[in-house]
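Written out below as structure tokens is the structure these notes cover.
What follows draws every value from the coordinates through simple rules; no lab data is involved. Source: prediction; values computed, not measured. Note that we place each Cβ from the backbone using ideal geometry, even for glycine, and neighbour counts take in every protein chain shown.
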Amino acid sequence: MKTLDNPEEIRKLDKSSVFDSIILFPDQMEQAWQEVSKIKIPLEKFKEVKNIIVTGMGGSALGARIIDSLNFEVLDVPMEIINGYHLPAYANQGTLAIISSYSGNTEETLSCLDEAIRQKCQLFAITNGGRLAELAKDKGIPAYIFKSRYNPSGQPRLGLGYSITAQLALLSRLKFLRLTEAQITEVIHYLNQIRDNLLIDSPTEKNEAKKVASDFKEKIIIIVSGEHLIGAAHTFKNMLNENSKTFAVRFSLPELNHHLLEGLAFPKENSEVVKVMFLESEVYDEEIKKRIKVTKEVLKENKIPYGSLLLKGRTRLIQAFETVYLGSLISYYLAILNKVDPATIPWVDFFKKELEKV
């Protein structure tokens, strides 16, 4: 029996219920949307906001990345994502600073909070607890402090539904984002529809996530996407890194056509170890569809293997979340093929401990 068709073997490696956290992503989304819709927000304070900054590391900033990828059709004010210690100099009382940290203890994010307070930004915090929750309570910062009922693994990156949807719900309530509850409900309904064929008990021949994971085994993975899927591709790549312990990178169209194509020739082993995965969509602009076709021709000439994952959701928003969901499950099944625990992140933990000593 193939490893991915042996539920007992899969569960042995998954000691922390990672699969349950991933498959409950739509439930996380629903909880976050409903709760943020009901919390008290001082709407008057945010009326003068002219720009938005989202500070967060890893999964805590992914909601903003998805919004950023869709901003040409849904976002009405400029937004910048900060993955670091410092805010830009322009941040001031006209800036909404969304401080996002699942654990509440991310040092880069807490540094940005200090600067946001000094620069008199309008503030909103999103967290599961920790120091950020304490500071929000002590300083009267509006916040969504959630209980992660649908993340049994306890891993912050597997509570994506909370951080992503909380950011969407907040910006929708503040009228900066053209997004309705009906649209989010449609996303959740779609993800629940495709769930059954992605479960551990679903055989590989019917399970798209298992099929793609099998293709990724022992490969360096390059994820290629465009337009509304760029932010979700970043999430997909992160999950492959952390869950599967696999080297993966992502590039976006049309940008990659201006440099990456000349980087395929060396080392000569590229044709044996690299696998390019195109995230494809019927709702891409025609310009992007043409670029995918010609990019595949270049890869073929360079003998670089490639594949495609066609997103089938009806709208750009649904497809962005479909990518996150499928990508997370692909990374899970690849971890099983690699015979590693998808929960543990030993080198990230090692790095944090060593950094404290420096």
- request: Scan around Val274 for amide H atoms under 5 Å from its own, H built in the peptide plane at 1.01 Å from N, and keep only partners 5 or more places away or cross-chain.
  value: Ile220
field: Mean Cα-pair separation over length for the chain, i.e. relative contact order, pairs under 8 Å, 6 or more apart, %
entry: 21 percent
Neighbour-count order for Phe176, Phe266, fewest beta carbons within 10 angstrom listed first: Phe266, Phe176
query: Hey, how many Å between the Cα centroid of the stretch 28-44 and the Cα centroid of the stretch 291-333?
result: 32 Å
The chain - Rg (one decimal) and Dmax (whole number), Cα, Å: 20.4, 61
message: Whole-Hz ³J(HN,Hα) for each residue in the stretch 253-266, computed from phi via Karplus 6.51 cos²θ - 1.76 cosθ + 1.60 with θ = phi - 60°, x for glycine and proline: what do you get?
response: 9, x, 4, 4, 5, 9, 7, 4, 4, 8, x, 8, 6, 10
query: Cα to Cα, under 24 Å, and not fewer than 8 places away if on the same chain: which lysines meet these conditions relative to Lys120?
result: Lys40, Lys45, Lys47, Lys50, Lys137, Lys139, Lys175
Ala143 long-range amide H proximity, modeled H, under 5 Å: Ala125
message: Please list, in order along the stretch 167-172, the HN-Hα scalar couplings obtained from phi with the Karplus expression 6.51 cos²θ - 1.76 cosθ + 1.60 (θ = phi - 60°), rounded to whole Hz, x for Gly and Pro.
response: 5, 5, 5, 4, 5, 5
Sorted by Cβ density within 10 Å, fewest first, the residues Leu199, Leu96: Leu199, Leu96
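For the chain, what is the calculated [θ] at 222 nm in deg cm²/dmol (nearest 500), taking -39500 (n - 2.57) for each run of four or more DSSP H residues and dividing by its residue count? Numbers along the way, then the final one.
Details: 14 runs with 167 residues, N = 358.
The helix-only estimate for the chain comes to -14500 deg cm²/dmol at 222 nm.
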Asp349 versus Val298: modelled label distance in nm, points set 7 Å from Cα along the beta carbon direction: 4.1 nm
- prompt: Could you give the nm distance between label points at Val273 and Asp196, where each point is 7 Å from its Cα heading toward the beta carbon?
  reply: 4.3 nm
Gain upon complete extension [Lys15, Tyr90; 0.36 nm per residue less C-alpha separation]: 22.4 nm
query: Across 5 Å bins from the origin, how do the percents of Cα pairs in the stretch 17-179 run, short distances first?
result: 2, 10, 20, 24, 22, 14, 6, 2, 0
- prompt: Ranking Leu170, Leu158 by Cβ neighbours within 10 Å, fewest first, what do you get?
  reply: Leu170, Leu158
Per-residue ³J(HN,Hα) for the stretch 339-345, Karplus 6.51 cos²θ - 1.76 cosθ + 1.60, θ = phi - 60°, Hz, x for Gly and Pro: 6, 10, 6, x, 7, 6, 10
message: Please list, ordered by chain and number, the residues whose modelled amide H lies under 5 Å from the amide H of Ile82; skip anything fewer than 5 residues away on the same chain.
response: Val54, Thr55, Gly56
statement: Label model pair Glu356, Leu310: point-to-point distance (7 angstrom along the Cα→beta-carbon line) in nm is 5.0 nm
